[in-house]
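J.: One structure, pasted below without further comment.
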Amino acid sequence: MARFKPLKAIRPKPEYVAQVAALPYDVMNSEEARKKVVGNKYSFLHVDKAEIDLPREIDMYDDAVYQKACENLYKLVDDGVCIDDEEKRFYVYRQIMNGRKQTGIVGCAVIDDYINGKIKKHELTRADKEVDRIKHIDACNANTGPIFLTYRKNESISNKIEEICKGEPLYDFDSDGVRQIIWTVEGEDNDFFENELEKVGDYYIADGHHRCACAANVGIMRRNENPDYDGTEEFNFFLAVLFADKDLRIMDYNRVIKDLNGLTVEEFLEKVSDKFIVEKYDDGVRCNITQKHTFGFYSGECWYKLTAKDGIFDEMDPVDRLDVSILQNNIIAPILGIEDPRVDKRIDFVGGIRGLEELERRSKEDMKIAFAMYPTTIDDLMSIADAGEIMPPKSTWFEPKLLSGIFVHKLS
């Protein structure tokens, strides 16, 4: 069974938390981050994307970027914006978006549980992306962004969380339309959470596969540098927020593609009709996807609904029955010629939070066509992870995102 430990955090003083907290580094590019921090010298983007404080021409993977990240992180402490907790404890973290809430526990997961498969993954990671965050964590001597984990809901834990949420919060602020509320866990309640969370079984990575892999890799590096380690050192743990599965919402993760692989729309739809029922929508009517195994296809200012025919996927196979697999295996690879969507530059991915309007915009600007998806479910995610299988890339989009900068975990 996986373990979860209290955290000794670097965190903002309450009067600064709304300025410090920022969206994770991987949801925006450098130019978007530069615009985001205008007028806010305390934004955690100065740590997570420190290239924004250096000349634009600098390589974002230059060692100077990681050195700047470290400097910016500890300047927040030196300037009295953030404090270094004296004691280890858990925190309860609630996010409310469009009236819907999800509530998790902030603490530290154990790198051995990730290494040994007790923290289960459902996606592959890319080595080039890992190098960046490994350097960042190592230079900062800290986990600066939390890993988003989930577990199968436990009523006693949920009841204790609700009890704590009746108290006075440590933080309560809005960020990009999402209310963020955090409570400290006091006294024996810390022991309760540590003990009960060890009973729930395995944990699952919901979001943050690269950050999780990088945190474990840095921990292993530190072990190699300290061969007499005993397992209690902070580099054996990484920052995470643990949510019950029933609290979470997965949104659709859609696809946009540069071309039709030499086909006209009519030729493409003729090929598609071998395995899908094709329905054309009236001009100006969008195809909102409301059930599994159906897809929206957009081209030339017109939407089509594609419904998978019986027999084109294995309903008993947890990966093959995913809509992302059905689309990839029956259209994107065989018809559009994109065999590996992880590396092919002809395809891009758009989170469902941006809506169908974004798919239309991209199709008119830098792409040619778009596919709208039905969201993968949390049960799908857990079934695949339990089977030791891997989802196709970009299968899940979680909202709301966990903010960075509210908690930082030092490695020594």
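J.: Look through Asp380, Asp386 and report the one residue that is of a type in the set (Asp, Glu), crowded, with 19+ Cβ neighbours inside 10 Å, touching a residue at least 12 places away in the same chain (Cβ under 8 Å) and not assigned by TED's automatic domain parsing to the domain that holds Ile338.
T.: From the options Asp380, Asp386, the qualifying one is Asp380.
J.: Would you pick out the residues in region 365-412 that are over 27 Å from Val106 (Cβ atoms), of a type in the set (Gly, Ala, Ser) and assigned to a loop (DSSP other than H, G, I, E, B)?
T.: Ala387, Gly388
J.: Which one is surrounded by the most Cβ atoms within 10 Å (Cβ to Cβ) among residues in region 126-180 that are within 18 Å of Phe243 (Cα to Cα) and among the hydrophobic types (A, V, I, L, M, F, W, C)?
T.: Ile147
J.: Still on this structure, please answer the following. For Ser273, indicate whether it is of a type in the set (S, T, N, Q), more than 25 Å from Thr377 (Cα to Cα) and assigned by TED's automatic domain parsing to the domain that holds Ile257.
T.: Answer is yes for this residue.
J.: Would you confirm whether or not region 127-142 contains a residue that is in contact (Cβ under 8 Å) with a residue 40 or more places away in the chain and in a loop (DSSP other than H, G, I, E, B)?
T.: So far as region 127-142 goes, yes, one or more of its residues are in contact (Cβ under 8 Å) with a residue 40 or more places away in the chain and in a loop (DSSP other than H, G, I, E, B).
J.: Residue check: is Pro334 closer than 22 Å to Leu269 by Cβ, modelled with pLDDT of 95 or more and either assigned to a loop (DSSP other than H, G, I, E, B) or within 23 Å of the chain's Cα centre (by Cα) (or both)?
T.: So Pro334 passes the test.
J.: Residue check: is Gly104 assigned by TED's automatic domain parsing to the domain that holds Gly177, out of contact with any helix residue (DSSP H, G or I) (no Cβ under 9 Å at 6 or more places or on another chain) and of a type outside the set (A, V, I, L, M)?
T.: No.
J.: Could you check Phe173 against (1) within 22 Å of Asn72 (Cα to Cα); (2) out of contact with any Leu (no Cβ under 9 Å at 6 or more places or on another chain) and say which number it fails?
T.: The single condition Phe173 does not satisfy is (1).
J.: Scan Ile250, Ile289, Ile332 and give me the residue that is out of contact with any Lys or Arg (no Cβ under 6 Å at 6 or more places or on another chain), closer than 20 Å to Ser383 by Cα and surrounded by 12 or more Cβ atoms within 10 Å (Cβ to Cβ). Before the answer, list the steps.
T.: On the way: Ile289 fails: closer than 20 Å to Ser383 by Cα; Ile332 fails: closer than 20 Å to Ser383 by Cα.
Being out of contact with any Lys or Arg (no Cβ under 6 Å at 6 or more places or on another chain), closer than 20 Å to Ser383 by Cα and surrounded by 12 or more Cβ atoms within 10 Å (Cβ to Cβ) holds for just one of Ile250, Ile289, Ile332, which is Ile250.
J.: Let me ask something else about it. Restricting to region 309-329, give me the number of residues that are under 21 Å from Ile257 (Cβ atoms) and surrounded by fewer than 20 Cβ atoms within 10 Å (Cβ to Cβ).
T.: Number satisfying all stated conditions: 3.
J.: Would you mention how many residues in region 23-49 are in a helix (DSSP H, G or I), of a type outside the set (A, V, I, L, M, F, W, C), without any contact (Cβ under 8 Å) to a residue 40 or more places away in the chain and crowded, with 21+ Cβ neighbours inside 10 Å?
T.: Going through region 23-49 one residue at a time, the tally reaches 1.
J.: Right, something else. Among Ile96, Ile52, which is β-branched (Val, Ile, Thr), in a helix (DSSP H, G or I) and closer than 30 Å to Phe349 by Cβ?
T.: Numbers: Ile96 fails: in a helix (DSSP H, G or I).
Being β-branched (Val, Ile, Thr), in a helix (DSSP H, G or I) and closer than 30 Å to Phe349 by Cβ holds for just one of Ile96, Ile52, which is Ile52.
J.: Oh, and also: Quick one: would you say Tyr61 is among the hydroxyl-bearing types (Ser, Thr, Tyr), outside any helix (DSSP H, G or I) and closer than 20 Å to Tyr151 by Cα?
T.: When the stated conditions are applied, Tyr61 does not pass them.
J.: Identify all residues within region 218-250 that are in a helix (DSSP H, G or I) and either under 28 Å from Thr103 (Cα atoms) or among the hydrophobic types (A, V, I, L, M, F, W, C) (or both); write none if there are none.
T.: Val218, Gly219, Ile220, Met221, Glu234, Phe235, Asn236, Asp245, Lys246, Asp247 - these are the residues of region 218-250 that are in a helix (DSSP H, G or I) and either under 28 Å from Thr103 (Cα atoms) or among the hydrophobic types (A, V, I, L, M, F, W, C) (or both).
J.: Need pairs with beta-carbon distance below 9 Å; first residue hydrophobic (A, V, I, L, M, F, W, C) and within region 355-368, second part of a helix (DSSP H, G or I); sequence gap 6+ or separate chains.
T.: Cβ pairs passing all conditions: Met367/Leu359.
J.: Just checking, how many residues over region 100-124 are buried (at least 18 other Cβ atoms within 10 Å of the Cβ) and in a loop (DSSP other than H, G, I, E, B)?
T.: Final tally of qualifying residues: 3.
The values are calculated or read from the model by the stated rules, or taken from the named source; none is laboratory data. Please read these numbers as outputs of a predicted model, since none were measured by experiment. Neighbour counts run over all protein chains shown; Cβ positions are idealised from the backbone, glycine included.
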